[in-house]
Structure formats: structure tokens, C-alpha cells
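Chemist: I'd like to ask some things about the structure below.
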């Protein structure tokens with residue numbers, strides 16, 4: 001795509017599969033979860049090649065660099081052609097911490113835990 005094309009940030013976020021719908025991408029902009037140069041942006045903000053933008057998705061703050069512009073949504077395998085992930089290792093490790101949380105498996109139909117079982121479960125919290 002040519003540099004002269006103007007692509008809105010909400011459309012770009014949708015096209016590179018950071019958000020499932022364009023409306024969700026626009027909502028993220030409206031709620032201040034998308035930043036370019038440490039400033040929150042409106043969904044109508046034009047994005048350029050080389051721009052570095054931040055996407056706040058709890059608990060991780062992702063950082064990406066625009067490699068190439070596009071208007072239409074692409075498949076997951078092609079996303080790397082358009083954005084470069086600059087997210088730090090420390091931020092990515094926050095995803096691992098959430099996936100390693102301890103879940104106590106209870107048999108189906110055993111009902112709610114008793115007070116003693118609840119205290120035992122609370123002791124597992126850290």
C-alpha cells in the first residue's frame with residue numbers, strides 16, 4: 001500500500017486483528033486504551049508507517065510498531081507483515097502468571113464449599 005493512503009487507527013487495529021470488531025477498536029480509543037507518543041488518540045487518528053502505538057489490555061500493556069499500512073483484515077499468519085511486537089518480556093510474563101493461577105477442581109454436583117473448605121481455599125491465595 002502507498003504511503004499516501006490514510007488509514008484510521010481503529011480500522012488498522014481491526015485489520016491487524018488486535019480487536020475482533022472495528023467498534024471494539026473505536027471503544028478502546030474512546031476509553032484511552034490506545035496511545036501514540038504517550039497521548040491517547042481518537043479513533044479517527046491517522047496512522048503512519050513507523051508509528052509506535054500502545055494497546056492497554058489488562059493486565060498487559062502491549063507496544064507495536066507499524067511496518068506497513070492496510071485497509072482490509074488479514075489472516076493471523078500475515079499480521080507480522082504489518083506490525084512488529086515491541087512488548088517487553090516483563091509485560092509478556094504477566095500473561096504467564098495469570099495462566100498459572102491455582103484452580104481447585106471440585107467434582108460436579110458437590111455443591112458449595114463448606115466453611116472449612118473455604119478457609120482451606122483462602123489459605124491457597126498469595
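Taken together, the values in this text are just the output of simple stated rules run on the coordinates, not laboratory data. The structure presented is a predicted model; accordingly, all values stated were derived computationally and were not measured. Positions of Cβ are generated from backbone atoms using ideal geometry, with glycine treated the same way; all protein chains shown enter the neighbour counts.
Chemist: Go through region 18-27 residue by residue and tally those that are over 20 Å from residue 84 (Cα atoms) and in contact (Cβ under 8 Å) with a residue 24 or more places away in the chain. Step through it out loud before you land on a result.
Modeler: Of region 18-27, the ones over 20 Å from residue 84 (Cα atoms) are 21-24, 26-27.
Pick out the ones that are also in contact (Cβ under 8 Å) with a residue 24 or more places away in the chain and you get none.
Looking only at that region, the number is 0.
Chemist: Under 6 Å between Cβ atoms, at least 6 apart or on separate chains: pull out the pairs that start in region 65-78 with a residue that is on the phi < 0 side of the Ramachandran plot and in contact (Cβ under 8 Å) with a residue 40 or more places away in the chain and end on any residue that is part of a helix (DSSP H, G or I) and surrounded by 10 or more Cβ atoms within 10 Å (Cβ to Cβ).
Modeler: Short answer, once both residue conditions are applied: 70/15; 73/15.
Chemist: Still on this structure, please answer the following. Hey, among the residues in region 34-59 that are within 13 Å of the chain's Cα centre (by Cα) and either in contact (Cβ under 8 Å) with a residue 60 or more places away in the chain or surrounded by fewer than 17 Cβ atoms within 10 Å (Cβ to Cβ) (or both), which one's farthest from residue 96 (Cα to Cα)? Walk me through it before giving the result.
Modeler: Initial filter on region 34-59 (within 13 Å of the chain's Cα centre (by Cα)): 34-35, 53-59.
Imposing the further condition that a residue be either in contact (Cβ under 8 Å) with a residue 60 or more places away in the chain or surrounded by fewer than 17 Cβ atoms within 10 Å (Cβ to Cβ) (or both) reduces the set to 56-59.
Numbers: 56: 17, 57: 14, 58: 13, 59: 11 Å.
Checking each candidate, the answer is 56.
Chemist: So which of 38, 51 ends up being at positive phi and in contact with a strand residue (DSSP E or B) (Cβ under 9 Å, 6 or more places away or on another chain)? Talk me through it step by step, then tell me what you get.
Modeler: Numbers: 51 fails: at positive phi.
Exactly one of 38, 51 is at positive phi and in contact with a strand residue (DSSP E or B) (Cβ under 9 Å, 6 or more places away or on another chain), namely 38.
Chemist: Tell me which residues, restricted to region 5-31, are more than 24 Å from residue 75 (Cα to Cα) and exposed (fewer than 11 other Cβ atoms within 10 Å of the Cβ).
Modeler: 31
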